[in-house]
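Here is the structure we will look at, set down as structure tokens.
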């Protein structure tokens, strides 16, 4: 059945029944506004992200369930980058009238499941007809006054750190563009592709379609007071480091041999003829945290004692030198690249 068969208000009622009754909101779906009471002595964080079909995703490379998880996850990552705690979400959908109702069911199942991992409830939103599928999530979070970590607090002489490893999401996107697909959680691939490479492709596609927002890590850094500035890596290390440096009025130098490249990016990149370092620097959508700190490295590593990698990749310098990459051979080049919605990729 298509959404046009039940109409806007029928679809709203269906979505309302799909979602658990909010326990944290004073008022949820059904009125002109949802009502959420701010926690005592907390500052509110507000973020929103828009995903557009054929621009940010394609329906033949991601299922509605994973699209829902990703749409929620990328907003969670924004809250994580500020050191906050996510609370509640609003979801806006623009749907072609011939969209199958089951698509909406699965999309909301993904949204709700990813949100529930971080105690986030969906408390409202909006619907519209459109020739193009679009999904926008607005997320409300909170943080203790004085604990929010912005992009603008970095200072010359501080170290640059990155959580996790980079390039896996870009490798997953490259594999999808090359025609690889996951069917029943198995990689469809030519017979000459080895079992190890299939596993790498599987992990890369999983990282691309279902990122892990570093909410716990962002909170830990904020609580410890060791991060002077922070940003999540959505558009690529090269681009996002520039954003942080621009807001802080500093320059940066990072070392190629220190960039933590995910092994699956290396395996998939070599198979597809793509440079793993390029995927790590420019690929985007890893949603790891990049932060700066003057704290002793031992203190930083102690925060991440549960096993997640945290790597020092370079340092900050006085403004005016830009962002540069020190190559393995010793030469230095400008750090460029990354995703930009309004430039041809």
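Consider the range 255-280. How many of its residues are part of a loop (DSSP other than H, G, I, E, B) and buried (at least 20 other Cβ atoms within 10 Å of the Cβ)? Give the derivation first.
Keep residues of the range 255-280 that are part of a loop (DSSP other than H, G, I, E, B), which gives 259-260, 262, 273-275.
Filter again for buried (at least 20 other Cβ atoms within 10 Å of the Cβ), leaving 259, 262.
Looking only at that region, the number is 2.
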Residues of the range 168-196 being closer than 30 Å to residue 304 by Cβ and in a helix (DSSP H, G or I), in sequence order, are 168, 169, 170, 171, 172, 173, 174, 175, 196
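Condition check ((1) crowded, with 23+ Cβ neighbours inside 10 Å; (2) outside the structural domain of residue 56 (by TED's automatic domain parsing); (3) in contact with a strand residue (DSSP E or B) (Cβ under 9 Å, 6 or more places away or on another chain); (4) over 20 Å from residue 45 (Cβ atoms)) across all residues:
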position	(1), (2), (3), (4)
193	no, yes, yes, yes
196	no, yes, no, yes
199	no, yes, yes, yes
207	yes, yes, no, yes
210	no, yes, no, yes
233	yes, yes, yes, no
237	yes, yes, yes, yes
242	no, yes, yes, yes
248	no, yes, yes, no
Scanning the range 281-325 residue by residue, those over 24 Å from the mean Cα position of the chain (by Cα), touching a residue at least 12 places away in the same chain (Cβ under 8 Å) and either closer than 30 Å to residue 71 by Cβ or in a helix (DSSP H, G or I) (or both) turn out to be 297, 299
- [ ] For the range 26-41, indicate whether the set of residues that are touching a residue at least 60 places away in the same chain (Cβ under 8 Å) and closer than 30 Å to residue 182 by Cα is non-empty.
- [x] no
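On the basis of being under 30 Å from residue 81 (Cα atoms), at pLDDT 95 or above, surrounded by 14 or more Cβ atoms within 10 Å (Cβ to Cβ) and in contact with a strand residue (DSSP E or B) (Cβ under 7 Å, 6 or more places away or on another chain), does residue 45 make the cut? Spell out the reasoning first.
Numbers: under 30 Å from residue 81 (Cα atoms): yes; at pLDDT 95 or above: yes; surrounded by 14 or more Cβ atoms within 10 Å (Cβ to Cβ): yes; in contact with a strand residue (DSSP E or B) (Cβ under 7 Å, 6 or more places away or on another chain): yes.
Judged against the criteria, residue 45 is a match.
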Residues in the range 126-135 that are assigned to a strand (DSSP E or B) and surrounded by fewer than 20 Cβ atoms within 10 Å (Cβ to Cβ) total 5
The condition from (1) crowded, with 17+ Cβ neighbours inside 10 Å; (2) touching a strand residue (DSSP E or B) at 6+ places or on another chain (Cβ under 9 Å) that residue 318 misses is numbered (1)
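Given 252, 222, 227, which one is in a helix (DSSP H, G or I), at pLDDT 95 or above and crowded, with 19+ Cβ neighbours inside 10 Å?
After ruling out the rest, the residue left standing is 222.
Residues in the range 22-39 that are surrounded by 10 or more Cβ atoms within 10 Å (Cβ to Cβ) and either touching a helix residue (DSSP H, G or I) at 6+ places or on another chain (Cβ under 7 Å) or under 25 Å from residue 108 (Cβ atoms) (or both): how many?
Initial filter on the range 22-39 (surrounded by 10 or more Cβ atoms within 10 Å (Cβ to Cβ)): 22, 24-30, 34-36, 38-39.
If we keep only those that are either touching a helix residue (DSSP H, G or I) at 6+ places or on another chain (Cβ under 7 Å) or under 25 Å from residue 108 (Cβ atoms) (or both) too, we end up with 22, 24-30, 34-36.
Qualifying residue count, the range 22-39: 11.
For the range 40-67, enumerate the residues that are assigned to a strand (DSSP E or B) and either touching a helix residue (DSSP H, G or I) at 6+ places or on another chain (Cβ under 8 Å) or farther than 18 Å from residue 138 by Cβ (or both).
Going residue by residue through the range 40-67, those that are assigned to a strand (DSSP E or B) are 43-53, 57.
If the condition is that a residue be assigned to a strand (DSSP E or B) and either touching a helix residue (DSSP H, G or I) at 6+ places or on another chain (Cβ under 8 Å) or farther than 18 Å from residue 138 by Cβ (or both), then 45, 47, 48, 49, 51, 53, 57 are the ones that fit.
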Suppose the filter is in contact (Cβ under 8 Å) with a residue 24 or more places away in the chain, touching a strand residue (DSSP E or B) at 6+ places or on another chain (Cβ under 7 Å) and part of a loop (DSSP other than H, G, I, E, B); does residue 328 pass it?
no
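The values are calculated or read from the model by the stated rules, or taken from the named source; none is laboratory data. Keep in mind the model is a prediction, meaning the values are calculated, not measured. Positions of Cβ are generated from backbone atoms using ideal geometry, with glycine treated the same way; all protein chains shown enter the neighbour counts.
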